[in-house]
Amino acid sequence: MGDPYRSSRSTPHRDTPYDLIAMGRLGVDLYPLRAGVPLDRVETFGRFLGGSAANVAVAAARLGRRVALVSRTGADPFGTYLRRELGGFGVDVRWVTEVAAYPTPVTFCEVFPPDDFPLYFYRQPKAPDLEMRPGELDLDAVRGARVFWATGTGLCAQPSRDATLAALEARGGASGGASGGGVGRSGGAGRSGGAAHTVLDLDWRPAFWADQDPGPYYAQALRHATVAVGNIDECEIATGTREPHAAAKELLGAGVELAVVKQGPAGVLAVHRDGTSVRVPPLEVEVLNGLGAGDAFGGALCHGLLAGWPLDRTVRWANAAGALVATRLECSSAMPYAAEIERLLQPARDDEPAEDVQPVKGGE
């Protein structure tokens, strides 16, 4: 039986431009089915589709968007499982290809609510998603997508680094090309049905970088993005500062039009190049597993950008999507539908004073 909250959409023609093409990490998540149990004592795990780019793709598909993923798996049963799961979630897998040399990566986590969720990545000797090559990309499709989502993890090794930068460069950057038109003015998240967006998810995982300095590669990628999204740690790696307003200012100076700084318990700050600043406080929920909340945020952010919503509505929606996933064990299959997000936001609309979230002019 289909989920009652799923959007009803007619099936688009195969050559219709995608609402979103996400490029990056894909793997299998193995999560303990009991919270508060260390890995050495876990007896039963649940198997789920995982990887930041894959989760963002699923989150946007759950909101009725036409989505494709660019990634790679091993030529093994886990790779078969991931492609089947993506297809079941409504994500096009035509650009999810196999690499015979490397196994599909697996990630384990420990679940200690409300704020301790250690991750253990098994991506050795190399993850297949780092074997994406520039010459294998469908750059026409990348250019044509209304939103293109790239990740910092894609920059951590070759040939994925060159492939990620080639895809970003194909978009044209904030100054022109497919991404011309930008993120909108006076707090608008985008022009309804019009503007294209190129998002760089900073997605910094220190274990993937070894002794490399990620700063120069982030700087290169940011020159071709219109939107940057990251938490405090990620923003510090990209900008050199942990102060949210200062980090947003640095991201804007690096070339983007919209900087989104996720602050965990302090909520979210979004700053547009035109000086509009929006702060959204956290929603109080009972956290079960915080992993995947940022990816739900990303998928909902893309939905708001595509809809041309005002910036405050877009960030509030994305914040609520992340909060919902934090109340659930899994990531991909926990991504919310639109009606669930609206239900969670309704009490906030009824109870919160309007000044809690507002555009503030003056460039912070």
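Quick notes on this structure:
- For region 262-277, 3J(HN,Hα) computed residue by residue from phi via the Karplus equation (6.51, -1.76, 1.60; θ = phi - 60°) reads 8, 10, x, x, 8, x, 10, 10, 10, 10, 9, 4, 6, x, 5, 10 Hz, glycine and proline entered as x.
- DSSP beta bridges in region 26-135 [antiparallel fraction, %, rounded to 5]: 50
- Cα-based shape type of region 49-113, given that a ≥ b ≥ c are square roots of the gyration tensor eigenvalues and the cut on a/c is 1.5: oblate
- Modelled spin-label separation between Asp138 and Tyr81, with each label point placed 7 Å from Cα along the Cα-to-Cβ direction: 2.7 nm.
- Percent accessible area from carbon and sulfur atoms, region 211-333, protein chains only, probe 1.4 Å: 49
- 15 Å beta-carbon shell around Leu26, net charge (K/R +1, D/E -1): -1
- Projected label points at Gln124 and Thr241, each 7 Å from Cα along the beta carbon direction, are separated by 3.9 nanometres.
- Looking at region 255-344, the GluC sites (Glu not before Pro) that sit in a DSSP loop and have at most 13 other Cβ atoms within 10 Å of their own Cβ are Glu284, Glu286.
- Space enclosed by the convex hull of the alpha-carbon atoms of region 273-355, per residue, Å³: 99
- Formal net charge of residues neighbouring His197 (Cβ-Cβ distance under 10 Å; K, R +1; D, E -1): +1
- Phi-based couplings in Hz for region 312-323 (Karplus 6.51, -1.76, 1.60; Gly and Pro marked x): 5, 5, 4, 6, 4, 4, 4, 4, 5, 4, x, 4
- Summary of packing: across the peptides 196-206, 97-107, the per-residue average of other C-beta atoms within 10 Å ranks them, highest first, as 196-206, 97-107.
- Loop-located trypsin sites (Lys or Arg not before Pro) across region 18-52 with a Cβ neighbour count of 15 or fewer within 10 Å are Arg34, with loop assigned by DSSP.
The values are calculated or read from the model by the stated rules, or taken from the named source; none is laboratory data. These numbers were taken from a predicted model, which means no experiment stands behind them. Counting neighbours? That spans all protein chains shown, and the Cβs are built from the backbone with ideal geometry, glycine included. Remember, those area values only see protein heavy atoms, side chains included, never the ligands or the DNA or RNA. Shrake-Rupley method; radii C 1.70, N 1.55, O 1.52, S 1.80 Å.
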